[in-house]
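Working notes for the structure below.
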Amino acid sequence: MGARPATDELRATDGDFAAFVRAASPSLHRTAYLLVGSRDRAQDVVQTALTRVYAAWARRDSWDDPAAYARHAVVNVVLSSASRRWWGERPTGELPEPPPLHAVDGVVAERDALRRALAGLPARQRTAVVLRYYLDLSEMDTAGAMNCPVGTVKSMTARGFASLRSTVREEAS
């Protein structure tokens, strides 16, 4: 077993991590929300990802960009949870109380339609579209975050956009 770090070293590391979390959390939450379509689920994803980042925080000097590392952790949490079947929630055919239509203006309605269309995409397509076009990552950076080849990113974004176009056309009709 290795020697345990001194208490002062742990406090310095914890302080650095806390500052990082304060700075990176808004972006990580926005990304997670777009990937999973639910604020509550996005908070769970970010919490899990930050737990993983904290476990590796002592090695941060070897990372090119801690924010990119954390974003990669968020993507991994989303993609790994998408492949597992979840039995905790059961979707229903009807909402208990539909939102009033007069309370939603055109901009909000468009954003909501896009969010719903994104939520309808398979997890890997949604992830590729969000990373490439919402976060404006390059194809190479997106491939790195998704741990896949650049060609897969290209095909996932193309399929994702084709599905989004189809969904938007159906809703407009």
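So the values come out like this:
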item: Nitroxide proxy distance, nm - points 7 Å out along Cα→Cβ at residue 115 and residue 39; result: 0.8 nm
item: Fully extended contour minus Cα-Cα distance, from residue 64 to residue 27, at 0.36 nm per residue; result: 11.5 nm
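Where a number appears in this text, it was derived from the coordinates with a stated rule and is not lab data. Fair warning: this is a prediction, and the values are worked out from it, not measured in the lab. Please note: Cβ atoms are built from the backbone with ideal geometry, for glycine as well, and neighbour counts cover all protein chains shown.
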